[in-house]
Amino acid sequence: MKPSLLLVLVLGVSIFTGYAGAEELRVGILADASSDFWTKLRDEAQTAAKSLDMTLDFRVPAPPTAEQQEALAQKMIDAGVKALAICPAKAAKQKDFLEALAQRIPVIVLFKEVPNSTDLAFLGKDNRESGRLLATLIREVVPEGLKIQVLCDDQTRPATQQRIESFREALGSYAIVDAVLEDKGDRMLGWANVIDSLESRPEIAAFVGMQDYHGPMILRAVLEKNRGKWVRVVSCGSDPSTLKGLEDGTVHGLVVDDAAGSAQAIVKGLAAFARNDKEGIEETKVATIPVTILKTEGTLSPEDMMNALQLQLPWVSEATPDRP
C-alpha cells in the first residue's frame with residue numbers, strides 16, 4: 001500500500017519543525033590576553049555550555065590590544081553569538097565601545113570594572129571573600145603581632161571598601177595594620193610608597209595588595225631593595241611575574257580568580273541573557289566570580305623570618321603581646 005500524500009506532508013512538516021527547533025544557540029567569551037587561566041576557563045566553559053545546549057565561541061585577541069579585541073567582537077557578532085562576555089583589554093578606554101556594543105547584543109563585562117558605567121552587566125571578584133582570603137594568607141605567613149601595610153587604589157570605591165573591611169575583620173588583632181596606602185591607580189606612586197616604607201620602616205613585615213596590579217609593583221620594590229623572601233608579598237591577581245615569584249618564594253600568597261567557578265558563573269549568565277531569562281538576568285547582575293588561594297612552598301618559615309628580622313631590628317619580639 002502506497003503512503004498517502006497527507007502522511008508524506010505531515011512527516012515533511014515534522015522533520016522541518018524538528019530541524020528548525022534545533023537551531024544553534026551561540027554565545028561568546030572574549031578574553032583580554034592569552035594565559036593559563038583563560039585556557040582553563042575556556043575548557044571548563046566549553047563543557048558548561050554544552051550541558052546547557054549552547055555552542056561557545058571563545059576568542060583571544062592577538063596582539064592583546066583594545067583595537068584587536070573590538071575587531072574580534074564584531075566577528076563574533078557576525079558569526080551569530082546571541083550574548084557576549086568580554087574582559088576588556090583597556091577598561092578605562094573602552095567605555096564608549098562597550099556601551100555601544102551593549103545596544104546591539106547582551107554584554108557581560110568580566111573582571112575589570114568600566115569607570116563611570118552603570119548600565120553594563122558586570123561579573124567580578126567576590127570582594128568580601130577576597131579580603132578574607134588575603135587575611136588568611138597573612139595569618140599563615142607572618143608571625144603574630146608584627147606590622148603590615150595595605151596598598152589600595154581608592155578607599156572610597158565600594159569594591160575596595162568591601163575588601164579592606166573584610167580583610168580587617170578576618171585579620172582581627174593578629175597583626176597590626178600600620179597604614180593603608182592609596183595610589184589612585186598610579187603604579188609609580190604605589191611603587192614609590194613601598195620603596196619609602198622599605199627604606200624608612202624596616203619593621204614592616206608584609207605588604208598586602210588589594211588590586212591586581214599591586215602584586216607586581218610590590219614585588220619589584222622588594223627585590224630592588226634586596227628584601228626578597230624576608231618581606232612578605234601578598235596580593236590579589238595572577239600576573240606572570242607574581243606567579244613566578246610564587247615558584248621562587250619571593251611572593252608568598254595570591255588571591256586569584258577560580259577558573260572552574262568563573263566558567264560556570266559566566267556561562268550561566270550568558271545563557272540567561274541569550275534566552276532572555278529575566279530571573280536569570282537579575283541573578284547575573286548581582287553574582288560574583290569565585291576566588292581561591294595560591295601559596296608558595298619555597299620561602300622562609302615564619303620562624304626564620306622572625307630570626308632574620310631580629311638580626312636587623314633586635315627590639316622585634318617573638319610574636320608576644322609586647323608588640324613593636
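The values are calculated or read from the model by the stated rules, or taken from the named source; none is laboratory data. Predicted model only: the values in this text are computed from it and were never measured. Here the Cβ positions follow ideal geometry from the backbone for every residue, glycine too, while neighbour counts run over all protein chains shown.
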Residue match in segment 302-313 (condition: part of a helix (DSSP H, G or I), at pLDDT 90 or above and not β-branched (Val, Ile, Thr)): no
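When the residues of segment 231-247 are filtered to those that are part of a helix (DSSP H, G or I) and of a type outside the set (S, T, N, Q), which remaining residue is farthest from the chain's Cα centre (by Cα)?
Checked segment 231-247; the qualifying residue farthest from the chain's Cα centre (by Cα) is 247.
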Residues satisfying the stated conditions in segment 80-99, i.e. over 18 Å from residue 268 (Cα atoms) and surrounded by 12 or more Cβ atoms within 10 Å (Cβ to Cβ): 80, 88, 89, 90, 91, 92, 93, 94, 95, 97, 98, 99
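Here's the yes/no breakdown for (1) polar (S, T, N, Q); (2) crowded, with 19+ Cβ neighbours inside 10 Å; (3) more than 30 Å from residue 265 (Cβ to Cβ):
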residue: 115; (1), (2), (3): no, no, no
residue: 154; (1), (2), (3): no, no, no
residue: 169; (1), (2), (3): no, no, no
residue: 201; (1), (2), (3): no, no, yes
residue: 212; (1), (2), (3): no, yes, no
Count of segment 248-292 residues which are within 20 Å of the chain's Cα centre (by Cα) and assigned to a helix (DSSP H, G or I): 15
Residues of segment 176-198 satisfying the condition of being in contact with a helix residue (DSSP H, G or I) (Cβ under 6 Å, 6 or more places away or on another chain) and part of a loop (DSSP other than H, G, I, E, B): 183
